Amino acid sequence: MKDILDRVIKSDQPESKDIIVMLKACGEDQKALLSSARLIKNKSLGNKVYFRGLIEFSNICSKDCLYCGIRKGNFFIDRYNISDQDIINAAGFARANNYASIVLQSGEIFSPVFTRRIENLLKKIHKATDGSLRITLSLGEQDKETYIRWFNSGAHRYLLRIETSNPDLYVRIHPQDDLHNFDKRLQSLYHLKSIGYQTGTGVMIGLPGQTYEDLANDILFMKTFEIDMVGMGPYIEHSDTPLFNSNNSLNLQQRFSLTLNMIAVLRIVMPKINIAAATALQAIDKMGREKAILAGANVIMPNITPGIYRDSYSLYNNKPCTDENADDCINCLDARIKMTGSEIGYGEWGDSIFFIDKSSSC
Ligand code: SAM
Ligand code: SF4
């Protein structure tokens, strides 16, 4: 492992075969991989962890991704759409608790009414919080004009997971129609980057039929794309989705361990990007996000959605924190993050240093 680590750390173009060995690491090799990633994170970014208050403001979605519990075709969940005022209140909560950043996430809706709503909402949030918050959007695929309008209204980060960089696997986990098109998703990422967003992506780890080679290519895709932020986590089945009964060669613990390795390899390959510790990790292991911090992640997204809606944003089985209100989450998180030896960047935006370096060099 040491030779491979040395080679990958020094290389500008790491080889897929080396990454695969790193992804398969277990036991002492895994310990060496994770601690090397942690060291690189501390050297490149310091030991700070930044909070992004996550507001899952609506579970209404026009799409039918085969893995997702809030897909349009799931008739077993109550649909909700939180009012603008409640979203602004949640943003106020983030500000009051010194989070400095929020993420607005929902199912995917592409319509003039939705575009206008988000545009107005962004302005209202900035007004209500005196422009103190950095806002990330995670609202799926939109056309370039919509992304520009939202950027001009004050959203400067966007998260759009590519889900997998393998177009064949993408086809197997989505309905085959124009609404679920790999090239369109990729194009959306290029639009976001060209507009000037801090652009984030990610993948699900442990999808049925996914190979180590796929995951190594995901890492190389992120590097070649020069992504600024990444949020990736384990795929977890939802019982009311078509993918539920698919054979999976990895159990949940194996997907968890593989996710830590993915985070560590990505940190080694892209030392200065922001990497989030995905909530899905916590569904498998109560200390999942803290372990991700120890593997090189530097961002946590505490859920600050008003408690009554949380059960209905059920992307996968056993989604954590659905029965807590926002305050409970703060108190436990603060102590748990400090236990990892990290400092919390309260009141700081924590922008991607990779993005800042790129912007200042051109
Ligand atoms: N609708 C937007 C989109 O798809 O980009 C944003 C919200 S969507 C719920 C956010 C992410 O949830 C997706 O990108 C996907 O990776 C993740 N997700 C959905 N179902 C999942 C599952 N069963 N296990 C793990 N992650 C899942
Ligand atoms: Fe909708 Fe996003 Fe879920 Fe796909 S992953 S069904 S777009 S919420």
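The values are calculated or read from the model by the stated rules, or taken from the named source; none is laboratory data. The shown structure was predicted, so the numbers you read here are calculated from the model rather than taken from an experiment. Counting neighbours? That spans all protein chains shown, and the Cβs are built from the backbone with ideal geometry, glycine included. Only protein heavy atoms, including side chains, enter the accessible area calculation; ligands, DNA and RNA are left aside. Shrake-Rupley method; radii C 1.70, N 1.55, O 1.52, S 1.80 Å.
Tabulated results
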| item | result |
| --- | --- |
| Hey, Tyr235 closer than 21 Å to Ile20 by Cα and near ligand 1 (Cβ under 9 Å from one of its atoms) or not | yes |
| Pairs where the first residue, in the stretch 66-92, is of a type in the set (D, E, K, R) and away from ligand 1 (no atom under 11 Å from the Cβ) and the second is part of a helix (DSSP H, G or I) and open to solvent by less than 90 Å² (accessible area, probe 1.4 Å), C-beta under 7 Å, 6+ apart | Asp78/Ser312; Asp84/Leu121; Asp84/Lys124 |
| Checking Ser153 against (1) without any contact (Cβ under 8 Å) to a residue 40 or more places away in the chain; (2) within 26 Å of Ala100 (Cβ to Cβ); (3) touching an Asp or Glu at 6+ places or on another chain (Cβ under 7 Å); (4) within 16 Å of ligand 2 (Cβ to nearest atom), the condition it does not meet | (4) |
| Residues located in the stretch 274-314, provided they are more than 14 Å from the chain's Cα centre (by Cα), hydroxyl-bearing (Ser, Thr, Tyr) and surrounded by fewer than 23 Cβ atoms within 10 Å (Cβ to Cβ) | Tyr309, Ser312, Tyr313, Ser314 |
| Complete set of residues in the stretch 163-192 that are among the aliphatic types (A, V, I, L, M), open to solvent by 50 Å² or more (accessible area, probe 1.4 Å) and not in a loop (DSSP other than H, G, I, E, B) | Val171 |
| Test: residue in the stretch 14-21 that is buried (at least 21 other Cβ atoms within 10 Å of the Cβ) and away from ligand 1 (no atom under 16 Å from the Cβ) | yes |
| Boolean, Val230 is touching a residue at least 60 places away in the same chain (Cβ under 8 Å), crowded, with 22+ Cβ neighbours inside 10 Å and not acidic (Asp, Glu) | no |
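Yes or no, residue by residue, for (1) open to solvent by 30 Å² or more (accessible area, probe 1.4 Å); (2) within 15 Å of ligand 2 (Cβ to nearest atom):
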| position | (1), (2) |
| --- | --- |
| Ala25 | no, no |
| Asn42 | yes, no |
| Leu45 | yes, no |
| Ile55 | no, yes |
| Ser58 | no, yes |
| Cys61 | no, yes |
| Cys65 | no, yes |
| Lys72 | yes, yes |
| Asn81 | yes, yes |
